[in-house]
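So the structure is just underneath, and the comments pick up after that.
The values are calculated or read from the model by the stated rules, or taken from the named source; none is laboratory data. The model shown is predicted, which means the values in this text are computed figures rather than measured ones. Positions of Cβ are backbone-derived with ideal geometry, glycine not excepted, and every protein chain shown enters the neighbour counts. Remember, those area values only see protein heavy atoms, side chains included, never the ligands or the DNA or RNA. Shrake-Rupley method; radii C 1.70, N 1.55, O 1.52, S 1.80 Å.
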Amino acid sequence: MATIISLAALLVSAVSSLSFDILQDKKILVVGGSGRVGGSVVTNLVQRNIGSVVVGGTSVNRFIASQQRWLQLFPEHADRLQAIEFVAIDREQADSVCKVLTKMNFDAVVHTAGPFQGKVLAPNGILDACIQANVPYIDVCDDYCTASAAKTKYSAQAKVPCIISTGCWPGVSSLMAKQLVETILKAYPSLSPSDLNVRFSFFTAGSGGAGVTLLVATFLILAEKALMVKNGRRVEVEAMNDYVAADFGPTIGERQVAPLNLLETASIHDNLGVGSTSSLFGTAPKFWNTLLGLMAKLPQSMLADEDLMRKLSIFSMPIVRIVDSFAGATNAMRCDVTAPNVEPSVRVTAVYGHENLEPCVGECVVAFVCASLSGMVPAGVWFPEEAIRGGSDAASVLKLASIGAHTTTVQGTDIEIDKRAVWGRD
């Protein structure tokens, strides 16, 4: 019979003092702040009493329209929302961005206008400028090749913390995996990361309130085979095919998920040394899953055509909004870590659930902003699981990131898990 080991005895039980208070005297630039993702970051910063926030983008009219939407959503913060400034920025031109950073003296920059799928060759003028100006940087890049290329190019030059691919997934999901991986390795010292299997399961109802840009990114992902790593060997499988059930807790319940080419599969393998990784995704209502599966069978050349996918997204948006009106925007993540070939009875699981993807993203990104400003993250360009130490540091970030979540659970077989040591909260 396997020994039951308490995680409380394995991890430092105290959670570090990371809090939103660190934002109160800070000035943050949110590039792409007029979009859905960027807007969720802007409004969350305002809710957390940021010193001041500036939106960077290409269209002042779009900013004004977004600002009006924020005022309708958060009338209690009207004065602060109306005080938000707009600055015109070309995100691919580092020199022009540098001038803005130098003139306005920002404490950090959050890049929410990408870089998204298939942008490996596109210049990231925001990251380049932040490194030149020594301003901490956060982005929400969802493409592993693009993020890895940025890390390779800029990491040695960075004298400030730069965290790439943050948010809920990737981002919080990566820290969930890190916490669980360290849990098993400390409980079973004979195991190594290569013995472990990490499986991510993600669920979003409807589109999650996504805008056109996120829909385009989703369609572009469907053009790719889904990466899985099996015992250190990369293999590709059909996207959105072969569904399995994943339990996201009593509020969300069991949902059907299927392989999708998501960033965590590669990053957790490469950065944590985990031997086997996979990522699965599902949505609701059920016909959305069917539709995504059918789209994944379209010619790759068609799905990879960004202009065509943008036109399709714009055309689809009215239908998407109708479905969202009754499907909701629930977002959930589940991470399972096992050691099937060495300790087959061992399993640790973490689940996160939120009623609305849009504020969820903002809450998660802002948690990483706080970490970056706290001195917790060393200089360099890092994926989330590299930037944040496991144990109390990761727990403190997860605590802030889950402030609006209705579900944060952990459970284990042959390991008694202390939820506070993983999530920073009871």
- Just a yes or no: is a residue in the range 240-258 under 18 Å from the mean Cα position of the chain (by Cα), under 29 Å from V422 (Cβ atoms) and among the basic types (K, R)? no
- Item | Filtered residues of the range 153-170 (kept if of a type in the set (V, I, T) and within 30 Å of A350 (Cα to Cα)) | I163, I164, T166
- Looking at K159, K153, which is the one that is touching a helix residue (DSSP H, G or I) at 6+ places or on another chain (Cβ under 8 Å) and either in contact (Cβ under 8 Å) with a residue 60 or more places away in the chain or surrounded by fewer than 24 Cβ atoms within 10 Å (Cβ to Cβ) (or both)? K159
- Could you list all residues from the range 232-270 that are open to solvent by less than 50 Å² (accessible area, probe 1.4 Å) and assigned to a loop (DSSP other than H, G, I, E, B)? G232, A239, M240, F248, G249, I252, G253, L260, N261, L262
- Message: Going residue by residue through the range 254-264, is there one that turns out to be among the small types (G, A, S) and at pLDDT 95 or above?
- Response: yes
- Item | Filter pass, R48 being more than 23 Å from D128 (Cα to Cα), charged (D, E, K, R), in contact (Cβ under 8 Å) with a residue 40 or more places away in the chain and buried (at least 22 other Cβ atoms within 10 Å of the Cβ) | no
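Out of all the residues in the range 133-147, which are surrounded by 20 or more Cβ atoms within 10 Å (Cβ to Cβ) and not hydrophobic (A, V, I, L, M, F, W, C)?
P136, Y137, D139, D142, D143, Y144, T146
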- Task: Please state which of the following conditions V97 fails to meet, knowing it meets all the rest: (1) surrounded by fewer than 20 Cβ atoms within 10 Å (Cβ to Cβ); (2) on the phi < 0 side of the Ramachandran plot; (3) free of Cβ contacts under 8 Å to residues at least 60 places away in the same chain.
- Result: (1)
- Task: Kindly establish whether V229 is in contact with a Gly (Cβ under 8 Å, 6 or more places away or on another chain) and surrounded by 18 or more Cβ atoms within 10 Å (Cβ to Cβ).
- Result: yes
- Note on the structure: Requiring at least 3 residues that are more than 25 Å from H111 (Cα to Cα) and open to solvent by 40 Å² or more (accessible area, probe 1.4 Å), the strands (runs of 3 or more DSSP E) wholly within the range 288-395 are 343-354
